[in-house]
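K.L.:
Here it is: the structure, laid out below.
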Amino acid sequence: MKLQGVPVSQGIAIGRAVIWRNDLEIKEATIEPGEVEREIARLEQGVDKAKRQLAKLHQQTREQVGEEEAGILFVHLTFLQDPDFIGEMKRRIEAELVDAATAVQKEVEHFEQLFAMMDDEYIRERATDIRDVGNRLIQALTGQENKRLFHFSEPVIIVGEDLTPSEIVQLPKEFVLGIVTMKGADTSHSAILARSLGIPTVMSLKQKTDQIVSHGDLVIMNGTSGEVWIRPNQQVLAIYQEILDKEKKLKQQLEQIRFLPTITKDGHKVKLLMNVGGLQEMEDVVSSGTDGIGLFRSEFLFMNREQLPSEEEQFIAYLEVVQQMDGRPTVIRTLDIGGDKHLPYLNMPKEMNPFLGCRAIRISLEHLVLFKTQLRAILRASHFGKVLIMFPMISHLEQVRQAKKILRETQEELKNEGIAFDPHLEIGIMIEVPSACLIADALAKEVQFFSIGTNDLVQYVLAVDRMNERIQHLYNYFHPAVLKLIHQVIQAAHRQKIWIGMCGEMASDPQATELLVGLGLDEFSVSSNLLQIKQKIRSLSYAEAVQVAHHVLTLNTAQEVQHYLLSRNKDKSRIK
Ligand code: PEP
Ligand code: MG
């Protein structure tokens, strides 16, 4: 049987099905008026227990998966701290004379129904989060365990109605080949977590699990296309087995170039670095074959907490990174908060257009104590390895001058206190606002390097909100306007004799590699596909790439650009 779902997390898996059922048993129970107080006290104890569990899971997720992913569980924790949510449960105990578990169940069902009626898919998907918190609370109250977790002895594909975020983070990864769910969507927190954990996932099959699959059935799933086969025939199985074998072989081939230099066939060298968004990524980064860290997103140190991290706390984190990189450079970007990233403990008034508001360097220049504290921590870490500092979202020349002035003052202070730092540390800025591209010559005179942040540059050049699903079809870094600005800013950097890299997602796209090399980019800082990009660069000719870039700059639409680049890739693979 072949089914079509929504592709959520890439990858192919072949394996036996394990049916994932919500086996929480809740028997609705009524109470006597005299028992109300006791049930409310039980509810409060249950909430405390659930909070402790979630706090622990939040911490584990933070260490093992990432800061942003842990943020999902932090939100769950805030549900349990919400006096209205818990207050409504208490009200039900009192008004409806039901026990604590029934009150929780009813309140969660009420929210699930509310969310189900929403037009916005993103909001609809939050129903699973409420269910997740509710289940945890019911378990805490009834002493039931989640029996579904941790009982695997061989790799399997999990098939179920829905998987909640906290179930996904607790899965024993070594046994999970893939996930298939009947509900859910690409924007759900479960989907985000499955992607972060690299588990191939298809959601929204819109079937009843027990009508299509049984425990132990053979399943093939394709997390890239959304196709799922239950009990496939031999022919389909053979095709997919071959694809998996090919992928394995390709991986082995890529493995062989991990520690080889990133250089074109005709000898043009490029630096290949990685982006880091959390300390838990460091282990993989250190052994990845990267030339260093091209973007260290320092904001994760500031998120999901209740107060600013101290200088010491930050210093320890930066030091750990710098020491692990053991001489390889680390570009630390100063705090990039605002836009969609909010710090509850910092006074950040609501803005009409947060992405155009007080964000990134604008916040640092407004909160000088915060900024200086971070600079002190970065400078102190620079004594122990190769650190570069980068300011985000520069739109005005004065911002660079002001940031540099504060950096100089901070260096002076450290010097007076006898604290060591690297006096030759390089200073750079992110190029992610069109105005910065247009005044790049002037900016380049102030700094030692640029790094192009295409994630923001695209949204600001094309006026397309990077968070708005509805207009994602308009968000494209192959748009000629974006390419022209990238071309201009690379030219300006080279005219002023500074190096220029890219740390936006475009750098991680193998489809864009030849074009970017041809445009003259000196450094790629990738969030994924490091080996594919390295292989791509090693297999191309710089002279040819320059011609490609030349031609691309004459094209008028993103579609034309993509077609042309695709046709080149096809030609290449045919030659091979
Ligand atoms: C970018 O804008 O391209 C970038 C790398 O920064 P972030 O994605 O963190 O905004
Ligand atoms: Mg950015």
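K.L.:
Normalised by the empirical 2.2 N^0.38 Å for globular proteins, what value does the Cα Rg of the range 24-142 take?
P.N.:
That works out to 1.10 for the range 24-142.
K.L.:
Let me ask you something else. Kindly provide the helix-only [θ] at 222 nm of the chain, computed as the sum of -39,500 (n - 2.57) over DSSP H runs of four or more divided by all residues, to the nearest 500 deg cm²/dmol?
P.N.:
About -15000 deg cm²/dmol.
K.L.:
Can you tell me the accessible area per residue over the chain, all protein chains present, probe 1.4 angstrom, in square angstrom?
P.N.:
About 46 Å² of surface per residue is accessible.
K.L.:
Show log10 I(q)/I(0) for the range 294-363 at q = 0.18, 0.21, 0.23, 0.26 Å⁻¹, two decimals, from a solvent-free Debye sum over equal Cα scatterers.
P.N.:
Calculated log10 I(q)/I(0) at the listed q: -0.75, -0.93, -1.05, -1.20.
K.L.:
Still on this structure, please answer the following. Which whole-number percent is the relative contact order of the range 156-253 (Cα, under 8 Å, 6+ apart)?
P.N.:
Relative contact order comes out at 21 percent.
K.L.:
Could I get the Rg over Rh figure for the range 83-186? Both from C-alpha atoms, Rh via Kirkwood, rounded to two places.
P.N.:
1.03
K.L.:
Step through the table entries K183/K341; K2/K206; K341/K484; K341/K415, compare each Cα-Cα distance with 24 Å, and write down the pairs that go over it.
P.N.:
Checking Cα-Cα distances, K183/K341; K341/K484; K341/K415 exceed 24 Å.
K.L.:
If you don't mind, there's one more thing I want to ask. Averaging sequence separations of C-alpha pairs under 8 Å and six or more residues apart, then dividing by the length of the range 268-569, give the relative contact order as a whole percent. Can you show the working numbers first?
P.N.:
On the way: 541 pairs, mean separation 49.9, N = 302.
Once normalised by length, the contact order is 17 percent.
K.L.:
Please report, for the Cα atoms of the range 459-541, the Rg to one decimal and the Dmax as a whole number; what are they, in angstrom?
P.N.:
Just the Cα atoms of the range 459-541 yield Rg and Dmax of 13.6, 41 Å.
K.L.:
Evaluate E = 1/(1 + (r/R0)^6) for R52 and I427, where r is the Cβ-Cβ distance and R0 equals 60 Å; express this FRET efficiency to the nearest 0.05.
P.N.:
So the FRET efficiency works out to roughly 0.85.
K.L.:
A further question on this structure: Whenever you get a sec, compute what percent of the accessible area on the chain sits on carbon and sulfur atoms (1.4 Å probe).
P.N.:
51
K.L.:
Compute the Cα gyration tensor for the range 262-418, then decide on rounded, prolate or oblate, letting a ≥ b ≥ c be the square roots of its eigenvalues: rounded whenever a/c is under 1.5, prolate when a/b is larger than b/c in the other cases, and oblate in all that remain. Don't skip to the answer; put the middle values down first.
P.N.:
Numbers: a/c = 1.57, a/b = 1.39, b/c = 1.13.
It comes out prolate by the Cα gyration axes.
K.L.:
Okay, moving on. Between K248 and S539, what length in nm is gained on full extension when 0.36 nm per residue of separation is reduced by their alpha carbon distance?
P.N.:
102.7 nm
K.L.:
Here's another thing I want to ask about it. Quick check: the distance between the Cα centres of the range 27-82 and the range 486-504, to the nearest angstrom?
P.N.:
Their Cα centres are 50 Å away from one another.
K.L.:
With no solvent and one equal point scatterer placed on each C-alpha of the range 46-90, evaluate the Debye formula and give log10 I(q)/I(0) for q = 0.23 Å⁻¹, two decimals.
P.N.:
Log-scaled intensity ratios, in q order: -0.73.
K.L.:
Mind checking the full-extension length gain between Q211 and V546? Use 0.36 nm per residue of separation minus the Cα-Cα distance, one decimal, nm.
P.N.:
My answer for the length gained is 114.9 nm.
K.L.:
May I pose another question? Which order do the peptides 318-326, 245-253 take when ranked by the mean count of other beta-carbon atoms within 10 Å per residue, highest first?
P.N.:
The densest-packed peptide leads the list: 318-326, 245-253.
K.L.:
Of the peptides 234-241, 358-365, 402-409, 9-16, how do they stack up when ordered by the mean number of other Cβ atoms within 10 Å, highest first?
P.N.:
Values: 234-241: 12.4, 358-365: 21.1, 402-409: 15.6, 9-16: 18.4.
The peptides rank, most packed first, as 358-365, 9-16, 402-409, 234-241.
K.L.:
What whole-number distance in Å separates the alpha-carbon centres of the range 376-435 and the range 174-239?
P.N.:
47
K.L.:
Hey, another quick one. Please compute the modelled spin-label separation between K173 and Y122, points set 7 Å along Cα→Cβ, answer in nm with one decimal.
P.N.:
Taking the simple label geometry, Y122 and K173 are separated by 2.7 nm.
K.L.:
Given labels modelled 7 Å from the Cα in the Cβ direction, how far is it in nm from C358 to I263?
P.N.:
According to this spin-label approximation, the distance is 5.1 nm.
K.L.:
When the Kirkwood radius is taken over all Cα pairs of the range 268-569, what Stokes-Einstein diffusion coefficient follows at 37 °C and 0.692 mPa s, in µm²/s?
P.N.:
Answer from the Stokes-Einstein relation: 166 µm²/s.
K.L.:
Okay, moving on. Using Cα centres only, tell me the gap between the range 290-305 and the range 451-472 in whole Å.
P.N.:
21
K.L.:
Shifting gears a bit: Find the percent of Cα-Cα distances in the range 195-248 that exceed 18 Å, and round it to a whole number.
P.N.:
40
K.L.:
So what's the range 1-88 giving for Rg/Rh, alpha carbon basis, Kirkwood Rh from the mean inverse pair distance?
P.N.:
1.12
K.L.:
Spin-label point model (7 Å from Cα, Cβ direction): what's the T554 to D82 distance in nm?
P.N.:
That separation, rounded to one decimal, is 5.8 nm.
K.L.:
Report ³J(HN,Hα) in whole Hz for each residue of the range 537-542, in order, from the Karplus equation J = 6.51 cos²θ - 1.76 cosθ + 1.60 where θ = phi - 60°; Gly and Pro get x.
P.N.:
Those phi angles translate into 5, 5, 9, 10, 9, 4 Hz.
K.L.:
Nearest 0.05, what FRET efficiency do V369 and Q59 give at R0 = 22 Å with Cβ-Cβ as r? Could you put the intermediate results ahead of the total?
P.N.:
Details: r = 28 Å, r/R0 = 1.26.
Rounded to the nearest 0.05, the efficiency is 0.20.
K.L.:
In percent, what relative contact order does the chain have, based on Cα pairs under 8 Å that are 6 or more apart in sequence?
P.N.:
Reported relative contact order: 13 percent.
K.L.:
While we're on this one: Packing-wise, with mean Cβ within 10 Å as the measure, how do 78-87, 539-548 rank, highest first?
P.N.:
Ranking, from highest mean packing down: 539-548, 78-87.
K.L.:
Now, a different point. Provide Rg over Rh for the chain; use the alpha carbon set for both Rg and the Kirkwood Rh (inverse mean inverse pair distance).
P.N.:
1.00
K.L.:
Given the range 115-248, report the % of alpha carbon pairs whose separation exceeds 19 Å.
P.N.:
Taking all Cα-Cα pairs of the range 115-248, the fraction more than 19 Å apart is 55 percent.
K.L.:
For a test of the definition: using alpha carbon positions, the gyration tensor, and the 1.5 limit on a/c, classify the range 228-292 as rounded, prolate or oblate.
P.N.:
Oblate, because a/c is 1.5 or more while a/b does not exceed b/c.
The values are calculated or read from the model by the stated rules, or taken from the named source; none is laboratory data. None of the values given here were measured: they were computed from a predicted structure. Virtual Cβ from ideal backbone geometry, glycine too; neighbours counted across all protein chains shown. We work out accessible area using only protein heavy atoms, side chains counted, and drop any ligands, DNA or RNA first. Shrake-Rupley method; radii C 1.70, N 1.55, O 1.52, S 1.80 Å.
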